[in-house]
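Have a look at the structure below, then the notes.
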Amino acid sequence: MTSGIHVPVQISLGLFTYDKGRGCLLDSAGEHVSLRPQSAQVLSILVDNLGHPVTKDNLISAVWQNVSVTDDSLTQCIADIRRALGDTDRSILKTRPKVGYLLSPTHVDTTPPQALVTSDQGSAFASKAAWVCIQPASPEALLDHVALEREAMGGGADKRILANDDAAIFSFSDVAGAIRFALGFGASDHGQSARIGVDLLPIGQTDGSHMRVAGIAALGQARQVVVSVEVRDQCHGELDFDFEDLSQQRLQTTQETLGTFRVHANVGRQRLLPQIAAEDLLPTIAVVPLRAWITSPDTNVVGEIIADDLIATISRSADINVISRLSTTAFRGQDASLNRIGDVLGADFVLSGTILTHDTHIGMMLQLSEVSTNKVLWAERVTIEVTNILNGLEAIEEIVAKVRKAIALNEIDRVRSKPISTLRNYSLLIGAVGLMYRFAPVDFNLAGEMLRTLIERVPNHPAALAWMARWHVLRVQQGWSENPKEEAQHALGFSRKALDIDPENALALISEGNVLTNLLHQLDEAEDRYDAALDVNPNDASGRVLRGTLFAFQGKGEDAKRDAERALHLAPIDPHRFFFLALAASANVAAEDYERAVVLAKASLRLNRTHTSTLRVQAVAQMRLGYEDEARKTTRELLRLQPGLRVSAWLKGSPSANFDVGQNFAATLRETGVPD
């Protein structure tokens, strides 16, 4: 084992102190912090080697000696230590990939790759704090700094950063808490003459940082809360508020152009409900990620894995709707009531539970509840081995069978998803998928890097390959690709390799269908892919909405609407909800339900005002309803965002060009004022 450097008697580890003489961890009040014996031994060894990495093998041999254990035992100890230290960003106890662990007594501003994936932050912006800036909304308004500081500190602020005639700035350690304070202040009597901005504070940035948040605050009006795109990305899953896209704005304070959003409290806000055909109103279940008795990044990931396997297994039944994982993840770690979950997700039943991890086993307490009656229909304690989580969980099939029996459904075919073989690789996949659906290009590019790393480690896993294909398609659709044709070939290469490995992989089938539709215009082949995917998983929201879009391109309006509206039902709070709404609007245009199309388009634009495809659909629907002035106003905004748009160019690139529906759409675009 590496010989340690000279170690002082007491070592500062964040807000805690390790007393070398007593061999224990102390909190800020000098009280002993309890650790499991094995965890305490691991910490002692890391202290002896302060500043030097210690390999996993050396730690295991020193702590467990002649006992045969797996890496999972050490992982639990590392998690215990980090939890005790409050080391959520892993700046104190660091992971050195392929080496081991290193204990650092001083703060380091770089984050190990694993921290990006397993922490709840998951953002390349890597912020540790949020700043709230309060400004007078008019020259006559004055700030009462004494009252402001009292309210901010009572609302969870850590400290005041700045106070002058122009602004008051407060620091918050919790981003969501900062937004809650800002909304509460904006609704108060003091907030009626103030405008409020919220931004993240990048690690290591202090001088001049207040200029950016001040510029964000200046974009709003009295009582309004405006936030940066990075704040929106970190808080998308919060249920107490939602975000209205203000598009790219130029900050007067720093002259930078920044994506910004206005925040609204969700109190009393009516949810836009999908229009589901009667035969589609099957019972709907939401599987909420299991809550850990003792919270840590590792147990959060295990809870998501189990929920993901449950969703994958339930999804293979054609007689039940299951809410998508990206929607149910919003409830991870939240103490939401059953009625709240049912209302937000549109679910009839909720499968939830708690999880407690041990050295070699995981204990789960699961329960199935009916939303309308608040009754627990089924509950059971389940214990499984950690190795089963990593290599495929047979217990999931038994759980699903009991759930289906409890809600009076027929048995389903037991076909399990093929899980990634190791926890770390699965964490990479979860992190990449989360970042892929961010508005910030830096996070999207980081998702691509994560997927490429994962494919290097597990080159033959269809899920990683299929998500890589989806990444290339999204890159073209976001307008971030300089060579769409080359991007299409990359996407096809990944999806076809995934299908060579697993011909029934729904994600890969959908990714290939998306490429064939939007990039290559091979609609018959694309429909085959979507049909095959939905045969495998009838409740895949992406496959459903993309097949609906294909039908819309072909002029099959009723089929398009049916698929698109069901997709809205299956993905009620998806990170790209605006995209589902936009495609549903397009499907309703094909079905000649123009009133519904306008409602959906407006809902989509509220979430993303720069999505030009939505503006095209809205302008056409408005024109066909006879709202000519509104249609031309929409078209002016469309041409402002896309000044080079021409009907002929759009028609050339549209998959609907060879169908009457595409020709008619183009004709209406001309009527709205789009140049030929």
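The values are calculated or read from the model by the stated rules, or taken from the named source; none is laboratory data. On a predicted model such as this, the values are computed, not experimentally measured, just so you know. Cβ sites come from the backbone with ideal geometry, for glycine too, and all protein chains shown count toward neighbours.
Odds and ends about this structure:
- Within the stretch 154-180, the residues that satisfy the criterion of being assigned to a loop (DSSP other than H, G, I, E, B) and either of a type in the set (Gly, Ala, Ser) or not assigned by TED's automatic domain parsing to the domain that holds THR253 (or both) are GLY155, GLY156, ALA157, ALA167, SER173.
- Within the stretch 16-32, considering residues that are loosely packed, with under 15 Cβ neighbours inside 10 Å and farther than 13 Å from SER44 by Cα, the one modelled with the lowest pLDDT: ALA29
- Test for ALA619: is it among the hydrophobic types (A, V, I, L, M, F, W, C), more than 27 Å from TYR530 (Cβ to Cβ) and out of contact with any Gly (no Cβ under 7 Å at 6 or more places or on another chain): yes
- Residue within the stretch 649-656 that is more than 34 Å from the chain's Cα centre (by Cα) and small (Gly, Ala, Ser) present: yes
- Boolean, ILE341 is more than 13 Å from GLU304 (Cα to Cα), at pLDDT below 75 and touching a strand residue (DSSP E or B) at 6+ places or on another chain (Cβ under 6 Å): no
- Helices (runs of 4 or more DSSP H) (entirely within the stretch 563-676) containing at least 3 residues that are of a type in the set (Gly, Ala, Ser) and surrounded by 20 or more Cβ atoms within 10 Å (Cβ to Cβ): 577-590, 594-607
- Residue in the stretch 206-228 that is modelled with pLDDT under 85, in a strand (DSSP E or B) and surrounded by fewer than 22 Cβ atoms within 10 Å (Cβ to Cβ) present: no
- A count restricted to the stretch 451-478 and to residues that are under 21 Å from GLY513 (Cα atoms) and acidic (Asp, Glu) stands at 0.
- Top-ranked residue in the stretch 495-509 [being in contact (Cβ under 8 Å) with a residue 40 or more places away in the chain and part of a helix (DSSP H, G or I); ranked as farthest from PRO655 (Cα to Cα)]: ILE501
- Being closer than 21 Å to LYS556 by Cα and either among the β-branched types (Val, Ile, Thr) or at pLDDT below 85 (or both) is not true of LEU523.
- Enumeration of residues in the stretch 34-69 that are closer than 18 Å to ASP87 by Cα and surrounded by fewer than 15 Cβ atoms within 10 Å (Cβ to Cβ): SER34, ARG36, GLY51
- Residue pairs whose Cβ atoms lie under 7 Å apart, separated by 6 or more positions or on different chains, with the first residue in the stretch 278-291 and closer than 14 Å to SER369 by Cα and modelled with pLDDT under 75 and the second surrounded by fewer than 24 Cβ atoms within 10 Å (Cβ to Cβ) and acidic (Asp, Glu), are PRO283/ASP348.
- Scanning the stretch 161-188 for residues that are within 31 Å of the chain's Cα centre (by Cα), of a type outside the set (A, V, I, L, M) and closer than 18 Å to ALA214 by Cα returns PHE170, SER171, PHE172, PHE181, PHE185, GLY186.
- Residue check, ASN425 in a loop (DSSP other than H, G, I, E, B), at pLDDT 60 or above and over 17 Å from HIS576 (Cβ atoms): no
- The set of residues in the stretch 177-202 being of a type in the set (Gly, Ala, Ser) and farther than 15 Å from ARG232 by Cβ consists of GLY177, GLY184, GLY186, ALA187, SER188, GLY191, SER193, ALA194.
- Selected residue (only one of GLU504, GLU512 is surrounded by fewer than 24 Cβ atoms within 10 Å (Cβ to Cβ) and assigned by TED's automatic domain parsing to the domain that holds ALA464): GLU504
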